[in-house]
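Asks: The structure follows.
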Amino acid sequence: MNDDPEVIDVRSEERLDLALLEPYLREHLSVEGPLEVRQFGGGHANLTYLLRFGNAEYVLRRPPLGPVAPHAHDMRREHAVLSKLYRYYPLAPRAYLLCTDPHVIGADFVVEERKHGVAIRRDLPERFHGDSTFAARLSETFVRALADLHGVDVAPAGLSGLGKPEGYVARQLDGWAQRWDAARTSKSVDAASLVQWLREALPPSQAATLVHNDFKLDNMLLDREEPARITAVLDWDMCTYGDPLMDLGYVLALWPEAQDPPAFRAWGMPSWRDGFPARAQLVARYAELTGFDVSHVRWYHIFNIFRFAAILQQIYKRYDAAQTHDARFAPFGDQANGLIGVATFLSRG
């Protein structure tokens, strides 16, 4: 019986070979009972599976099928973060096991704690349409969760080695520009003028904190009974130690407002619904909670639109090359081009 709408039967092309995996898990997790494998169907990149050994549940995460960009989908990084962070940031699931032996399933993978809850993806559940009070409460919970993450002291958490804050923003720009170029297809637009503007307008960095690098509603689980309460923040394979405004800019890039063009809703959170604060209000609340200088937030916003375009383009290239046949990815190339257009327009404003 499937009582979890997030869980589906494993897609045929994404099945795990249990011949070596099952004995490996039994040895390293000391589990008992029959193994049942299901799949979490909502993700767009890493593949995530539910493992049930009798009444015990775990989550297995691995990179997507086919070639992946260098340093992307880093399960070793996810394990390094989640094997420690859960003690200091309760919304982070605990990682129990890292496998780097390619003979087991053909890729690195992590086995983690199963957290329960529901995810909000394209839109709010229908019962909350028009409920501005719920949207306001969810927004406050969301921005507090981000501020709390950026308040984690990395030294006692043992996570200061995750990255090098000096020069972090410039390296991010270089890296994502290279990823965009590597993922382009014949239908991709030219982003050279946008990248040039980003280089010329590069802001000075300030504080260094943990940076999730994919902080958004559909990487969260919400309590089934009280959906304005977050029960987990997921997808930590890009987490690093760097400029916290990278996370804030990413949130803004995915935070459409009611007056924005309707096409923005295709790639953003349902923040255009009644009760969600405008981007400027969200920035002000984040600054109030953290005390950080947000005067250069426009650059981070535009950069992260570009970055999100590159992420979509990486996924689309796998679809275009028939490395995945998931039809959800078919429009991602056009959406990535649209985002480059939006970022270029904003950079000229």
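The values are calculated or read from the model by the stated rules, or taken from the named source; none is laboratory data. Owing to the predicted nature of the structure, the values given are computational and were not obtained by experimental measurement. Neighbour counts run over all protein chains shown; Cβ positions are idealised from the backbone, glycine included.
Asks: Of all residues in region 140-165, which are at pLDDT 95 or above, assigned to a loop (DSSP other than H, G, I, E, B) and exposed (fewer than 14 other Cβ atoms within 10 Å of the Cβ)?
Replies: Of everything in region 140-165, just one residue is at pLDDT 95 or above, assigned to a loop (DSSP other than H, G, I, E, B) and exposed (fewer than 14 other Cβ atoms within 10 Å of the Cβ), namely D153.
Asks: Could you tell me how many of the residues in region 316-333 are within 13 Å of S188 (Cβ to Cβ) and crowded, with 20+ Cβ neighbours inside 10 Å?
Replies: Step one: list which residues in region 316-333 are within 13 Å of S188 (Cβ to Cβ), which gives 316-317, 320, 332-333.
Checking which are crowded, with 20+ Cβ neighbours inside 10 Å leaves us with 316-317, 332-333.
Residues that pass the stated criteria total 4.
Asks: State all residues of region 113-135 that are assigned to a helix (DSSP H, G or I) and closer than 14 Å to I230 by Cα; if no residue qualifies, say none.
Replies: Applying the first criterion (assigned to a helix (DSSP H, G or I)) to region 113-135 yields 126-128, 132-135.
Matches in region 113-135: F134, A135.
Asks: Does R273 qualify as being in the same structural domain as Y168 (by TED's automatic domain parsing) and under 16 Å from S139 (Cα atoms)? Step through it out loud before you land on a result.
Replies: Values: in the same structural domain as Y168 (by TED's automatic domain parsing): yes; under 16 Å from S139 (Cα atoms): yes.
Spelling it out, R273 is indeed in the same structural domain as Y168 (by TED's automatic domain parsing) and under 16 Å from S139 (Cα atoms).
Asks: Continuing with the same structure: Here is a list of conditions, (1) more than 20 Å from the chain's Cα centre (by Cα); (2) surrounded by fewer than 20 Cβ atoms within 10 Å (Cβ to Cβ); (3) under 24 Å from R171 (Cα atoms), and Q259 meets all of them except one; can you say which number that is?
Replies: It fails just one condition, (3).
Asks: Any residue that is at pLDDT 95 or above and over 18 Å from E112 (Cα atoms) - is there at least one of those in region 39-51?
Replies: Checked against the condition, which is being at pLDDT 95 or above and over 18 Å from E112 (Cα atoms), region 39-51 yields no hits at all.
Asks: Okay, next question. Quick one: what pairs do we get from region 244-264, first residue modelled with pLDDT of 95 or more, second part of a helix (DSSP H, G or I) and hydroxyl-bearing (S, T, Y), C-beta under 6 Å, 6+ apart or different chains?
Replies: L245/Y300; L248/Y286; G249/Y300
Asks: While we're here: With L82, L29, L16, L98 as the choices, which residue is in contact with a His (Cβ under 7 Å, 6 or more places away or on another chain) and among the aliphatic types (A, V, I, L, M)? Give the steps one after another, and end with the answer.
Replies: Details: L82 fails: in contact with a His (Cβ under 7 Å, 6 or more places away or on another chain); L29 fails: in contact with a His (Cβ under 7 Å, 6 or more places away or on another chain); L16 fails: in contact with a His (Cβ under 7 Å, 6 or more places away or on another chain).
Result: L98 is the single residue among L82, L29, L16, L98 that is in contact with a His (Cβ under 7 Å, 6 or more places away or on another chain) and among the aliphatic types (A, V, I, L, M).
Asks: Further, regarding this structure: Restricting to region 78-99, what's the tally of residues that are aliphatic (A, V, I, L, M), more than 15 Å from K115 (Cβ to Cβ) and not in a helix (DSSP H, G or I)?
Replies: 2
Asks: Shifting gears a bit: Just checking, which of L21, L60, L35 is surrounded by fewer than 16 Cβ atoms within 10 Å (Cβ to Cβ) and at pLDDT 95 or above? Give the derivation first.
Replies: Values: L21 fails: surrounded by fewer than 16 Cβ atoms within 10 Å (Cβ to Cβ); L60 fails: surrounded by fewer than 16 Cβ atoms within 10 Å (Cβ to Cβ).
That would be L35, the only listed residue that is surrounded by fewer than 16 Cβ atoms within 10 Å (Cβ to Cβ) and at pLDDT 95 or above.
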